[in-house]
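Structure first, then comments.
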Amino acid sequence: MPLSTQSQADADQYILIASLDNARNLSNILKAISLRDHAIFNATQNGLKVTVEDSKCLQANAFIQAEIFQEYIIKEDAVGFQVNLTVLLDCLTIFGGSTVPGVCTALRMCYNGYGYPLTLFLEEGGVVTVCKINTQEPEEPIDFDFCSTNVTNKVILQSESLKEAFSELDMTSEVLQITMSPSHPYFRLSTFGNSGNAHYDYPKDSDMMELFHCTSEASTCKYKMSLLKPSTKALALSCKVSVRTDSRGFLSLQYLVRNDDGQICFVEYYCCPDEEVEEE
């Protein structure tokens with residue numbers, strides 16, 4: 001395995017080690033949540049959770065399970081730190097992020113605890129580059145208190161159909177309105193932009209809809225388009241998306257992403273509603 005020549009003595013000094021034969025499996029999923037410069041890393045025995053927030057109204061989380069890594073060692077129950085995500089992505093793609101078949105950049109990511117940098121060992125074609133990125137004490141992520149017991153509506157769609165919707169809706173609209181109803185229109189996306197009002201409806205029995213669950217009442221909420229636009233990065237990578245709203249109108253978009261090796265990771269966006277729409 002690439003980078004395996006690093007001595008065990010080196011490994012002993014770190015409290016977190018995560019290795020990948022293909023660094024794109026990490027860089028792609030991090031690009032999907034790159035809303036802001038800083039990202040909070042939280043590592044546990046189950047894997048990595050990376051969180052990025054924007055103006056206390058939007059939170060993006062990437063979940064990379066421990067099984068995704070060729071090597072994953074953590075010596076504490078939980079390890080947390082904050083890094084500049086832009087710098088990290090620049091380092092991960094330092095060799096240009098080659099898409100040539102059979103050519104991969106191998107990665108070994110190491111961390112030695114509070115006050116130490118995040119160290120990346122990157123190897124491609126026998127050339128090894130070492131990057132050290134300053135870390136900060138992690139801020140406490142906002143708790144959106146999005147609890148499954150409070151979910152009132154949920155649909156699971158093939159991502160292609162949501163991409164199609166976004167291509168047809170007017171993205172100059174300041175808001176995206178989501179309507180979920182147990183009767184027609186079932187699941188509707190609406191925009192109110194420069195070219196007028198546009199609606200995109202999904203029939204409950206659509207081939208593109210894997211699951212439709214709606215409470216007994218129709219609900220309509222608006223969300224700022226400026227907050228939702230970054231989530232299209234995750235949509236572009238994903239094959240399925242779960243759209244959920246809770247009793248407060250908070251929105252969860254969970255994207256199922258397959259990496260270059262066919263393994264599954266998840267990206268989740270939480271968004272606050274812009275305003276409640278009064279039903280007539």
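The values are calculated or read from the model by the stated rules, or taken from the named source; none is laboratory data. The shown structure was predicted, so the numbers you read here are calculated from the model rather than taken from an experiment. Cβ coordinates were reconstructed from backbone atoms using ideal geometry, including for glycine residues, and neighbour counts include every protein chain displayed. With ligands, DNA and RNA removed, areas are computed over all heavy atoms of the protein, side chains included. Shrake-Rupley method; radii C 1.70, N 1.55, O 1.52, S 1.80 Å.
By its C-alpha gyration tensor, with a ≥ b ≥ c as the square roots of the eigenvalues, how is segment 94-177 shaped: rounded for a/c under 1.5, else prolate for a/b larger than b/c, else oblate? It comes out oblate by the Cα gyration axes. Taking the centroid of alpha carbons for each part, segment 20-54 and segment 194-236 are 26 Å apart. When 208, 180 are compared by accessible surface with a 1.4 Å probe, the order from highest to lowest is 208, 180. Rolled with a 1.4 Å probe across the full set of protein chains, the surface gives residue 174 an accessible area near 150 Å². Using 1/(1 + (r/R0)^6) with R0 = 30 angstrom and r between the beta carbons of residue 130 and residue 264, what's the FRET efficiency to the nearest 0.05? It comes to 0.50. With a/c under 1.5 counting as rounded, go ahead and sort segment 28-153 into rounded, prolate or oblate using the C-alpha gyration tensor (a ≥ b ≥ c being the square roots of the eigenvalues; past the cut-off, prolate if a/b is larger than b/c, else oblate). Since a/c reaches 1.5 and a/b is larger than b/c, the shape of segment 28-153 is classed as prolate. Under 18 Å of direct C-alpha separation, and excluding same-chain neighbours fewer than eight residues apart, residue 204 reaches these aspartates and glutamates: 160, 164, 217. In the chain, the calculated helix contribution to ellipticity at 222 nm averages -3500 deg cm²/dmol per residue, counting -39,500 (n - 2.57) for every DSSP H run with n ≥ 4. Multiplying the residue separation of residue 36 and residue 150 by 0.36 nm and removing their Cα-Cα distance gives an extension gain of 38.2 nm.
Full extension of the chain segment joining residue 167 with residue 55 gains 37.7 nm, where the gain is 0.36 nm per residue of separation less the Cα-Cα distance. Taking a straight line from the alpha carbon of residue 229, these lysines sit under 19 Å away, with near neighbours fewer than eight places off in the same chain left out: 31, 56, 163, 240. Placing unit charges on the Cβ atoms only, positive for Lys and Arg and negative for Asp and Glu, gives segment 9-109 a dipole magnitude near 300 debye about its Cα centre.
What the phi angles of segment 217-233 give under the Karplus curve with 6.51, -1.76 and 1.60, with θ = phi - 60°, is a coupling list of 10, 6, 9, 9, 9, 10, 9, 4, 4, 4, 7, 7, 4, x, 5, 5, 5 Hz, glycine and proline written as x.
Simple rule: put +1 on each Lys or Arg Cβ and -1 on each Asp or Glu Cβ in segment 126-280, find the dipole, and look at 199, 176, 134; the Cα lying farthest toward the positive end is 134. For the pair residue 184 and residue 140 in one chain, pulling the backbone fully straight at 0.36 nm per residue adds 11.7 nm over the alpha carbon distance.
For residue 105, the residues 5 or more places off, or on other chains, whose built amide H falls under 5 Å of its own are 23, 24.
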